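Taken together, the values in this text are just the output of simple stated rules run on the coordinates, not laboratory data. As the structure is a prediction and not an experimental result, all values here were calculated from the model. Note that each Cβ is placed from the backbone with ideal geometry, even for glycine, and that neighbours are counted across all protein chains shown.
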Amino acid sequence: MSLKNLKVLNFRTILTLATVVLSLVHLVQCQDVNDYNNQFNNPAVLPLITQVVYRQISNLTAVIGQDIGNQSSFCIKDWNADWNRAFNFSSNLGFLGSCIQKTNGDIIRRVCTAAEMKFYFNSFFERSESANYLRPNKNCNLTSWVSGCEPGWACSVGSNQQVDLNNAKVIPTRTLNCQACCEGFFCPHGITCMIRSYCPLATLNKTTGVCEPYRYQLPPGQPNHTCGGASTWADVSSSSELFCSAGSYCPTTTSRLTCSSGHYCRMGSTSEKSCFKLTSCNPNTANQNVQAYGVMLLAALSTLLLIIYNCSDQVLTARERRLAKSREAAARSARETAKARQRWRAAKDAAKKHASGLQAHLSQTFSRKKDGKDPEKLKILDRVKSDRDDNPLPPPHPSTSGASLPSNVTSGEHKKEPSDLMRIMHEIEDNPDNYQGFSIGTEDMSASAQVNVPKGKQTHTQIFKYAYAQLEKERAQQPENELLTFSGIVKLATHPETRKRPLIEVSFKDLTLTLKAKNKHLLRCVTGKIKPGRITAVMGPSGAGKTTFLSAVAGKAIGCTMTGLIHINGRNDSIHSYKKIIGFVPQDDIVHGNLTVEENLWFSAKCRLSTALSKPDKVLVVERVIEFLGLQTVRASLVGTVEKRGISGGQRKRVNVGLEMVMEPSLLILDEPTSGLDSASSQQLLRALRREALEGVNICMVVHQPSYALFKMFDDLILLAKGGLTVYHGPVKKVEEYFAGLGIKIPERVNPPDYFIDILEGIVMPGGSSGVIHEDLPVRWMLHNGYPVPPDMQQKAARLARSSMNATPANETDPAGAGMVEHSFAGELWQGMKSNVELQRDKIRLNFLKSKDLTNRRTPGVFHQYRYFLGRVGKQRLRESRIIAMDYLILLLAGACLGSIVKVTDQTFGAAAYTYTIIAVSLLCKIAALRSFSLDKLHYWRESASGMSSLAYFLSKDTIDHFNTVIKPAVYLSMFYFFTNPRSSFADNYFVLFCLVYCVTGIAYVLAIVFEPGTAQLWSVLLPVVLTLIATQPKDSEFMKIFANLCYPKWALEAFIISNAERYYGVWLITRCGSLLKSGYNLHEWSLCIVILILIGMVSRVIAFFCMMIFQKK
């Protein structure tokens, strides 16, 4: 390059820079586009003019934002951001420069002012759906209709007239120099100005004569009028061509580019988005294929669930196996110790016998005086030994006085024993704990137990060793218990160190129960008492009121009018005040089938035993019950259900009794515990109950026709006749004597209980010459004991008194039914309704009855019981893993089917797909949640009646169900979300679905508790469909609006649509506002929807809890 050319180049550069500097200086001075006359085509000045124009136009946002924002606040969150995306296009102002050149700088006079913008948008929110034009205004009306009023055209004001774009009150006169709307603006029909938006120019379709894609026609009679620009906002419902088509993106208002490979562009995109890894995105694609992520999420969830269920089951199995090994080792050690003790006692007895023989032999060689003293000492020694043997159940707690007494006695004898062998034997006998070969003594069972209780942190091995050592000692005492004399029983009962339970004696006088509905006597004039330490059998034919009597004693009789007195330990206290030490065994075997025998018993022990009892002692209690009920072989077996076979029926019955025995009751009431058991199992159960009675437990039980051997094991008998009248109440040993006194003798080879019941049924007529009939037996018992006779039985009593003198029987009719009054149908209906209301009132009163606790037992509180319930429910859920897996599989298939069939459309923001989602998820989750309470109603009724916490039970169920609440939305969305691929994020959909599942689970709790299982399932299917239809129907009346607001699908659907609509911005603004306006949704109410869903779930749970407390067993 020559020096001359270089000088020319430098000169041109300096000239250009000078021009730019002068333009910038001029820009500072110029505030209007008109100041740039004849410079619009200058490429160096045009950007500066564009910035000036853009600055003036942008000021409109602040002017009209407040007014329009108030009306459109339901569909716009951030006004500035959404306005910029839809109107300002500050990222690329090329369209603005083109319009400046096209209008020769007249753009400011053509752009809508704040007043015109408000007029247009207000008309947009107010007009009807069928209207496609604006209301008449200053420039476009019946008398003035210029070309700029036509769609796609705009006009200008006069050249000498200034336009204030910020004027929000006055519409300027704009009727001059009309021409087509600029590209990047739209000019509505009925207004003569331009509004910014993404709007390409219209082209004339010569075949149809329509300006496409806006579908307006040219005005007739105006040949110079051509297709202008846009006539309407880019609304997808009008024409999808106004938008950037799927697979393309529009970086400016006038350009459209094809989406490149590795990117995807949805409809209306202004930029292309990169595809995620592991997804395939071809060129010109609208959505990325994210099904791989769905498969990965599904695989991860499946793996997680398999690990949880399999490993949890393995953990349970391993833990049980470990406990079983510790238990077997402890039992083996205890058996070996017991065998060693027996061998030592046998060797000791042999040594004593040998020493006695040696002493007798030596005594013959000495004087007669000495010969007479040694046998006396032996007698004393034998008496001391016999006194020890007469006490089969020594005191459980050590005592200084009790321990020193045998030591003083033997110390006096040690001086005269002939050998060291006897001294060693007596030392071992008196203090066996000092002998290194034994760790557990043979005399003071509980004292040694107190010494050998592990201190500090206790291992399972230590606890089981302690428990089985005690069991072996108790087993060693059983032969002595069988030979226990009356004096031995008295000595055991009165021993000051014997561990006794609180004694409960229940006495009743003239106890009468009358059914309110039918005014029928279920129990009449029952007088007597059931005593601690004795087993009382309640017998009688069907309809004699045996179960009613037990319910009255236990305070469970409802729907009846009760008269008479029931005293506890001679005081007029409520039986409910002793609920913590009373066990009630129902007739049905209400046992958790998906728990093992040991788990059932251990749970009852943990919740109902005193907190002051150490864990080793609790284990001892449970092991003792398992041992005495003969459940060792099935302790690790599941009890079983109707669908799944478990232990036998007899073993299940014994577990049912063991649930009450492990809580160490003072009063144990059993309703037909031997029904369904064979003779051997019944005797084994009675032997276990006999052991309880030796500890002072008051046992009362209903039995049906026991065998003679079983009958002899009872202490007392309450024999009831039909109508609830007492026939006999006293010792079992005297029942035959009493009936023999009435002339009723039991034939040979006939079981006495069977014969008595046959007489009371009227099947067998009593023999003899006394003329006794079964209807007279209750009155004879009253006369025999001097009890008052009811007025309706006075004639029968008088006849029996005469017949006892004259011996002439007379059959008279019972006048009890003579006074019956017949009611009309309406009267009976009213009486039945009244009785039903009173019955429900009695139920509620019984459920919420609070009595003062008169026991000293402190059971675990709500928090500790919640922990115990949580562990139990967790084990049950793990053992129901197959059912839960099927729930997940069905939910997975539902997500795949709905995701494949129903698509999330852009026009409605996926309303249809989300509607079906709400119905499907609600239905499936409700039906699954019904199992939480429908299947365990009987178990809850029994446990709550025994004093367990209802709140802990409910909270534990709900806490475990939260696992499903967390997992199920992810399972469903793993298919639905990745098939439909909505614009909202996975997290947004998951959170809404999580709240929905939480809500419907609470509603399912109410249905499961209030209704029967079949009815609850029907409601679970019906409610989601009906409530969703109500929520999606147009709300024509105020009542329908209020009712729809009470439906949870309305809030769930609104939350889904809002989370999806937020992702539609820019050219979608009017579409979003129109859709939300039509649906009545508000973009700011997403948090409100979530809160209401959670609130409905919480309120439903509160209602379910109170219904659980109220709707008890009928």
Between the range 527-549 and the range 582-614, the alpha-carbon center distance in angstrom: 24 Å
Semi-axes in Å, largest first, for the range 542-581 (Cα gyration tensor, √(5λ)) are 20, 12, 10
What is the sum of charges, Lys and Arg at +1 and Asp and Glu at -1, for the other residues whose Cβ falls under 12 Å from the Cβ of ASN167? 0
What fraction of the Cα pairs in the range 878-990, stated in percent, has a spacing above 22 angstrom? 43 percent
Pop a pseudo-label 7 angstrom from the Cα along the beta-carbon direction at both LEU358 and GLN342 and give the gap in nm to one decimal. 2.8 nm
Subtracting the Cα-Cα distance from 0.36 nm times the residue separation, let me have the gained length for LEU515 to ASN160 in nm, one decimal. 117.5 nm
The range 509-526 and the range 638-714 have their Cα centres apart by a whole-number Å value of 28 Å
Just in the range 676-740: which trypsin sites (Lys or Arg not before Pro) are loop by DSSP and have at most 13 other Cβ atoms within 10 Å? LYS712
Hydrodynamic calc, the range 939-1029: Kirkwood Rh from Cα pairs, then Stokes-Einstein at 4 °C with viscosity 1.567 mPa s, so D in µm² s⁻¹ is 84 µm²/s
Label-point gap, in nm, between GLN587 and LEU870 - each point 7 angstrom along Cα→Cβ: 3.9 nm
I'd like the Karplus ³J(HN,Hα) series for the range 206-214: coefficients 6.51, -1.76, 1.60, θ = phi - 60°, whole numbers in Hz, and an x wherever there's a Gly or Pro. 5, 6, 9, x, 10, 7, 8, x, 8
Using a Förster distance of 56 Å, how high is the FRET efficiency between ARG55 and PHE276, based on the Cβ-Cβ distance and rounded to 0.05? 0.90
Which whole-angstrom value gives the distance between the alpha carbon centres of the range 141-184 and the range 557-577? 95 Å
Could you give P(r) for the range 1067-1113, binned at 5 Å from zero, as whole percent values over all Cα-Cα pairs? 5, 18, 14, 14, 11, 10, 9, 7, 6, 4, 2, 1, 0
Can you compute the equivalent ellipsoid semi-axes for the range 644-782, i.e. the square root of 5 times each eigenvalue of the Cα gyration tensor, sorted largest first and rounded to whole Å? 31, 17, 13
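Could you tell me which GluC sites (Glu not before Pro) in the range 599-656 are loop residues by DSSP with no more than 14 other beta carbons within 10 angstrom of their beta carbon? Walk me through the numbers on the way to the answer.
Values: sites: GLU599, GLU623, GLU627, GLU643; in loops: GLU643.
Qualifying residues, ordered by number: GLU643.
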Report the extension gain between SER679 and LYS903 in nm, rounded to one decimal, defined as 0.36 nm multiplied by the number of residues separating them, less their alpha carbon distance. 73.8 nm
Classify the range 543-657 from the C-alpha gyration tensor, please: rounded if a/c falls under 1.5, else prolate or oblate depending on whether a/b exceeds b/c. oblate
Can you list residues whose amide H is under 5 Å from THR641's amide H, if they're 5+ apart or on another chain and H is modeled 1.01 Å from N? GLY646
Expected-Rg normalisation [2.2 N^0.38 Å, Cα atoms] applied to the range 949-997: 1.47
In nm, the gap between the two label points placed 7 Å beyond Cα toward Cβ at LEU938 and ARG1063 is 5.1 nm
